[in-house]
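Notes follow the structure.
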Amino acid sequence: MVELTIGALLLVLLLYGVFIEPHLMKVRHIELGQQQGVKVAHFTDTHFTWHTTPRRFKKFVRNMESENPDIIIFSGDLFDKVLWAKHQNWDQLILMFSSLTAPLGKFAVLGNHDFDDENSSVFVEEILEKSGFTILKNSSVLTKNLSVSGVDDWREGKPDFELLPTIEAFSVLAIHEPDTVLDMKTLNHFDLVLSGHSHGGQIRLGNWRLRNKGSSCADSGMYQLNDKTKLYVNCGIGLTFLPIRFGVPPEIVYYEL
C-alpha cells in the first residue's frame, strides 16, 4: 500500500512537471528606484522545439501588450536545436515577435543553443532581426537616457569582456550565461545585468536543482555583485534536456527603472 501511494504521488508530480508547470507564466515586477521613468521587459530561453511551440508564447505576448514596456530584452536560446529549427516554418513566431512593441527598442543577445554549427547563429539572428530586434553583439546603444549593451555568448561566441556602456545615467548589460560576469573586466561600469541560461535549475526541489555549465555563480533571482552592479538571472520560458519543469515556472520580468 505504501509503495502504491508513493508510486501514485510520483506519477502525479511527473504529470504536473510535464503538462502543467511548463505552461504556466510567472510575472515578476522589480522596482529599482532609479527614477529613469523606463520599464524594461526581459524574457529568455524560449527553446522553441517540437514540444515547446510558439503557441506557448502567446500569453507572454498578451502580457507585454498589457504592460506596455519601453524596452524589451531577450537574452538568448531562441531554439533548443537550431539544426532542427532550420527545417521548420517560423512565420508564426516572426509574426508574434514582430507584434511586440517597445518605443525605446527591442534588443537581443545570443545563447549557447543558438550555435549548433557555424551557420546557426546567422539563422537565429535573421529571425530576430526580421522580428524587429536589434542584435547586441559586443555593442552598446543609447536609447533615451539609458545605455543598453550586450556581449556575445560566453560559451560558444566571442564575447568582449572589456565592453563599456555608452556613458549615461543608467546602464544595462544583457548576457546569456550568468558566469559571464566572472570574466567581465568592466562589470563595475554597469548598473543592471540581465541573464538567463540556468532555467533556475528547471527541476528544483528546495536547494537542489539541475546544474549546467555557465551558472555556477548565480542561478535565479537578484544578486548584488558590487556597490553599483546588480545581476538578475531570469528562469526563462522553455525547456531543454528533459521536457519537464518543476519548482521554477516560466517567467517574464519587468524592471521599473
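Summary of values
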quantity	calculated
Gap separating the Cα centres of the stretch 41-63 and the stretch 175-210, nearest whole Å	20 Å
With Cα atoms, 0 to 90° folded angle of helix 58-67 axis to the chain main axis	40 degrees
Three-way shape call for the chain based on the alpha-carbon gyration tensor, with the a/c threshold at 1.5	prolate
Efficiency of FRET from Cβ geometry, Asn138 and Glu3, R₀ 51 Å, rounded to 0.05	0.35
In nm, spacing of pseudo-spin labels at Lys213 and His87 (7 Å Cα→C-beta vector)	2.7 nm
For the chain, calculated [θ]222 nm from helices alone, where every DSSP H run of n ≥ 4 adds -39500 (n - 2.57)	-6000 deg cm²/dmol
Pair Asp183, Phe19: separation of 7 Å Cα→Cβ label points (nm)	4.3 nm
Subset of Lys158/Lys213; Lys185/Lys230; Lys185/Lys228 violating a 21 Å alpha-carbon distance limit	none
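No value in this document is a laboratory result; all are computed from the given coordinates. Computed from a predicted structure; not experimentally measured. Reconstructed Cβ throughout: ideal geometry from the backbone, glycine too, with neighbour counts over all protein chains shown.
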